[in-house]
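Engineer: Take this structure first; my questions come after.
The values are calculated or read from the model by the stated rules, or taken from the named source; none is laboratory data. On a predicted model such as this, the values are computed, not experimentally measured, just so you know. So basically every Cβ, Gly included, is an ideal-geometry build from the backbone, and we count neighbours across all protein chains shown. With ligands, DNA and RNA removed, areas are computed over all heavy atoms of the protein, side chains included. Shrake-Rupley method; radii C 1.70, N 1.55, O 1.52, S 1.80 Å.
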Amino acid sequence: PTRFPTLLVNGTQGIAVGMATNIPPHNLGEVIDGMCCLIDNPEADLQEICEHIKGPDFPTGGTIYGLSGIVSAYNTGRGKIKVRANTHIEERGGNKVSIIVDEIPYQVNKARLIESIADLHKDKRIEGLSDIDDHSSDRIGIRVDISLKRDANPHVVLNQLYKYTDMQATCSAIMLALVNNEPKVLSLPQILDVYIDHQKSVIYRRTQFELEKAKARAHIVEGYHIAIDNIDRIVEIMKTSKSIPEAKERLMAEFFTVTFKDGFENGLGNVRQLSDAQAQAIVEMTLG
């Protein structure tokens, strides 16, 4: 009974027989705002929902280029989203500059990315590099320092990196999920609708469970009322019975549960024998 749509927030991916799913992760606050929008206005269209849910929120950062992939994924359940690494250019002494990579596309392995850049430089497909240092740590996050030669144009090199390496990657969104054990490709509003229906079911079943629990307690309390009103006779039956089962049978035979319609003045609504559960509760009562 999840409290928010984890399918969207955490994202998921997997391959089954003849089908695959790849749902990108999203920002928790945005998803909840979008869900509240749909609850308040069940007729809300995709554009209204997207005022709250701007797009996927990748944990490794990066910048999504273009809106067409997001719109397609949210509208049809399928789309291709281009993600670029976030970089900036730092000037060094001696007319040297470096390209600093701060964030990388989702699911791109940093070590393999650095290795591929070095291989491309070795094959002379990317020229102008002098050194690559990985300064990444838990404290500062991702920081890959790509040092350039004096005569290299950093913007040209950066464009080559985007073109030939995973510093620009494509995330294919396939919003496929099981709905009532049937695989379906869902749009963003459909995913939220399914979750809201699920949440309604959770709330209804929880309330039903609590109601049944309260009814069972009320049933026992009715038996206690009868026992307290006739406590002397209850004690006498218990003392003169040879066993607990016999005491329960005598209690059930002698005492009855009485309910009233709309108050005592309107007469009896229901008269029934003490139930087994009520009799058991009575024989388990302590003297105190």
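Engineer: Return yes or no: is Lys200 under 30 Å from Met19 (Cβ atoms), open to solvent by 70 Å² or more (accessible area, probe 1.4 Å) and in a strand (DSSP E or B)?
Structural biologist: It is false that Lys200 is under 30 Å from Met19 (Cβ atoms), open to solvent by 70 Å² or more (accessible area, probe 1.4 Å) and in a strand (DSSP E or B).
Engineer: Okay, moving on. Would you please name the residue that is farthest from Met285 (Cα to Cα), looking only at residues in the range 206-239 that are under 39 Å from the mean Cα position of the chain (by Cα) and open to solvent by 100 Å² or more (accessible area, probe 1.4 Å)?
Structural biologist: Among residues in the range 206-239 that are under 39 Å from the mean Cα position of the chain (by Cα) and open to solvent by 100 Å² or more (accessible area, probe 1.4 Å), the one farthest from Met285 (Cα to Cα) is Arg206.
Engineer: Just give me the residues in the range 38-77 being over 21 Å from the mean Cα position of the chain (by Cα) and of a type in the set (D, E, K, R), in sequence order.
Structural biologist: Correct list: Glu43, Asp45, Glu48.
Engineer: Consider Ala218 against the criteria (1) out of contact with any strand residue (DSSP E or B) (no Cβ under 7 Å at 6 or more places or on another chain); (2) aliphatic (A, V, I, L, M); (3) over 30 Å from Pro1 (Cα atoms): it satisfies all of them except one. Which criterion is unmet?
Structural biologist: (3)
Engineer: Let me ask something additional. Just to verify a result, which residue in the range 16-36, among those that are under 24 Å from Thr170 (Cα atoms) and among the hydrophobic types (A, V, I, L, M, F, W, C), is most open to solvent (accessible area, probe 1.4 Å)?
Structural biologist: Val17
Engineer: Among the residues of the range 179-190, write down those that are touching a strand residue (DSSP E or B) at 6+ places or on another chain (Cβ under 7 Å) and either surrounded by 15 or more Cβ atoms within 10 Å (Cβ to Cβ) or in a helix (DSSP H, G or I) (or both).
Structural biologist: Passing the criteria: only Leu186.
Engineer: Filter the range 247-258 for residues that are within 13 Å of Val283 (Cβ to Cβ) and open to solvent by less than 60 Å² (accessible area, probe 1.4 Å); which is modelled with the lowest pLDDT?
Structural biologist: So, considering only residues that are within 13 Å of Val283 (Cβ to Cβ) and open to solvent by less than 60 Å² (accessible area, probe 1.4 Å), the one modelled with the lowest pLDDT is Phe255.
Engineer: Another question, if that's okay. Could you tell me how many of the residues in the range 16-74 are under 25 Å from Asn181 (Cα atoms), assigned to a loop (DSSP other than H, G, I, E, B) and out of contact with any Gly (no Cβ under 6 Å at 6 or more places or on another chain)?
Structural biologist: 4
Engineer: Taking Tyr65, is it open to solvent by 20 Å² or more (accessible area, probe 1.4 Å) and of a type in the set (Phe, Trp, Tyr)?
Structural biologist: Yes: the conditions hold for Tyr65.
Engineer: Now, a different point. Provide a single number: the residues in the range 68-83 that are surrounded by 16 or more Cβ atoms within 10 Å (Cβ to Cβ) and basic (Lys, Arg).
Structural biologist: Final tally of qualifying residues: 2.
Engineer: Pairs please, first residue from the range 1-12 and farther than 10 Å from Ile32 by Cα, second anywhere and among the charged types (D, E, K, R), Cβ atoms under 8 Å, 6+ apart in sequence or on different chains.
Structural biologist: Within 8 Å, the pairs are Pro1/Arg206.
Engineer: Among the residues that make up the range 37-58, is at least one of them hydrophobic (A, V, I, L, M, F, W, C), open to solvent by 50 Å² or more (accessible area, probe 1.4 Å), more than 25 Å from Asp102 (Cα to Cα) and out of contact with any strand residue (DSSP E or B) (no Cβ under 9 Å at 6 or more places or on another chain)?
Structural biologist: yes
Engineer: Can you work out which of the residues in the range 4-15 that are of a type in the set (Val, Ile, Thr) and part of a strand (DSSP E or B) is surrounded by the most Cβ atoms within 10 Å (Cβ to Cβ)?
Structural biologist: So, considering only residues that are of a type in the set (Val, Ile, Thr) and part of a strand (DSSP E or B), the one surrounded by the most Cβ atoms within 10 Å (Cβ to Cβ) is Thr12.
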